[in-house]
Amino acid sequence: MLKLIENEIIKLLKKKSFYVVTIIFILFCILTNIVYKSDINSVLTEEIDISELQAENETLDLGNNEELLTYVENLTVIRIEELKREYPENVYLIENNLYNTVYHMYESRYIKNDQELYEEYYLELENDLNKIANNDYEYFLDERISYLTTRINETTDLEQERYNKLLELAIYRKENSIPYNNDNFLHNAIVFLEENNFEYLNLLNDNSLTSVEEERLSYLEEQMAINEYILETKEDVNNETTLRAVLINFSGEFGLFILIYVIMAAGSIVSEEYSRGTIKSLLTKPHKRSEVLTSKLLVVIFLIPIIMLFMSLIEIVLGGLTLGFDSLSIPVIIYNGTINTYSVIGYLFSLLLSSLPMYLVIGILSFMISTISRSTSAAITISFLFYLLGNIISNLALIYDLPIFKAFISLYWDFSYIITNSPNPYGASIFTSILIIILYLGIMLCLSYVYFAKKDVKNL
């Protein structure tokens, strides 16, 4: 048996197609890491076209009150956009502290026709710009702390709770010297907590939520907890431009390559013996047919985790060289009522292990078709179609509760929900899922062995 397994491994290692897929996978890894490093989401931010607003202002009738109001609003937006481009590192401060001042300045001049008030706002704007030019963000922070303190003294109950939280965040920013910079992950965590504070408390204290509001509250609870964790530990767990982020999304980014490797090996390991005519000599050797088929089956089974490990190591090396290895020290955060942390490598292998049943089912299916049809192309094509059909049925099962869906294996072969301590989204228990997978595997293997044992190869 060991000799048979050794021969099968040697045959697989001689396949040119495996090396072609490996080269493509390596190139895809490099490209994926470059995309993550470039942070394509930040490149897609949309800028306001100032020229359009300027052109619109030239056509407005300033004698018309509504058009005059539009004129002032356009002037305000134009000025803010100009300042944002002049001080790109202080965009947040400009958007959140200067808009009202600029608007009131133009309002005083064009709507109220109050030159004195216009000059007051003009001087206020110049003062604020001077602070921004000198990166004196603490000036604006002190103003915010003063304002929030006043509001707390003027409000009670829920309103006071809201302002207390905002004040707590402002003091945290001051104590930790966190600038108003969108490139600073602590700033982003503070901003998320500030911007969603009111909505979160409103939903939390509402006893008559709709289903949509309950989903929103659930999302906010998770994100609020994660961002509070960031402030507490000062770990950038939301950074999407790191090796850690790629590994967290490993199955989504590279799962197709795992599938290709598995189907390619399982779908050809028997059928190629027929197409090459080597099946006769193989079966005339002193080995039982069951031993021959078992040796091939064991190679397929053991190949799946080896492929996963191989691909993971390639990505860790290439990703580390491209994105750096530092992020591997930052834990993966899973929220399920409370914050749970996992090491990146531990999470990666848990995720791969949870998807192992899926690849095993697809691999054995491809193995069975290869054995029965003696066609590599049929085995590969049908296996891919089965996988795609499984994804479609899984998505439909989340929408429609049809009994026929319960019989399909794709509802049971993914155990990733275990990592988050969540129930199976399709309602099946772990025991039921394992039982159905074993049933499917048993049927496919029985068909393979029965057919292979009875197949007449004399006329091949």
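Every number in this text was worked out from the coordinates using simple rules, so none of it is lab data. Everything numeric in this text was worked out from a predicted model, so none of it was measured. Counting neighbours? That spans all protein chains shown, and the Cβs are built from the backbone with ideal geometry, glycine included.
Fewest to most neighbouring Cβ within 10 Å: what's the order for 84, 296?
Fewest-to-most ranking of 84, 296: 84, 296.
Quick one: angle between helix 344-373 and the longest Cα principal axis of the chain, in degrees between 0 and 90, rounded to 10, please.
So the helix axis and the longest Cα principal axis differ by about 40 degrees.
To the nearest 10 degrees, how steep is helix 430-454 against the longest Cα principal axis of the chain, on a 0 to 90 scale?
Between the helix axis and the principal axis of the chain, the angle is about 30 degrees.
Quick one: in segment 149-236, what % of C-alpha pairs are over 16 Å apart?
57 percent
In this model, which of 16/296; 84/131; 11/288; 37/174; 296/455; 288/455 are farther than 23 Å apart at the alpha-carbon?
As for pairs spanning more than 23 Å Cα to Cα, those are 37/174.
Return the Rg/Rh value of segment 1-156, two decimal places, where both radii are evaluated on C-alpha atoms and Rh is the Kirkwood radius.
1.39
Using only Cα atoms and rounding to the nearest 10 degrees, what angle (0 to 90) does helix 376-399 make with the longest principal axis of the chain?
With rounding to tens, the tilt is 40 degrees.
Segment 211-260: which trypsin sites (Lys or Arg not before Pro) are DSSP loop and have at most 12 other beta-carbon atoms within 10 angstrom?
Here the trypsin sites (Lys or Arg not before Pro) that fit, given the DSSP loop and packing criteria, are 234.
Using Cβ counts within 10 Å as a stand-in for footprinting exposure, how do 446, 29 rank, fewest first?
Ascending number of Cβ neighbours within 10 Å: 446, 29.
Order by neighbour count: 399, 306, fewest other Cβ atoms within 10 Å first, most last.
Lowest count first: 399, 306.
Across all directions of projection, what mean area in square nanometres is found for the Cα convex hull of segment 47-135?
The Cα convex hull of segment 47-135, projected and averaged over all directions, gives 5.7 nm².
Please identify the longest segment of the chain free of exposed chymotrypsin sites (Phe, Trp or Tyr not before Pro), where exposed means a DSSP state other than H, G, I, E or B and no more than 14 other Cβ atoms within 10 Å.
1-324
Evaluate the Debye formula for the chain with equal point scatterers sitting on the alpha carbons, no solvent, and hand back log10 of I(q)/I(0) at q = 0.13 Å⁻¹, in q order, two decimals.
Result of the Debye calculation: -1.24.
Taking the simple approach of a point 7 Å from Cα along Cα-to-Cβ for both residue 150 and residue 89, what is their distance in nm?
3.1 nm
Grab the Cα-Cα distance for residue 183 and residue 405, subtract it from 0.36 nm times how many residues apart they are, and report the gain in nm with one decimal.
Extra length from residue 183 to residue 405 when fully extended: 75.3 nm.
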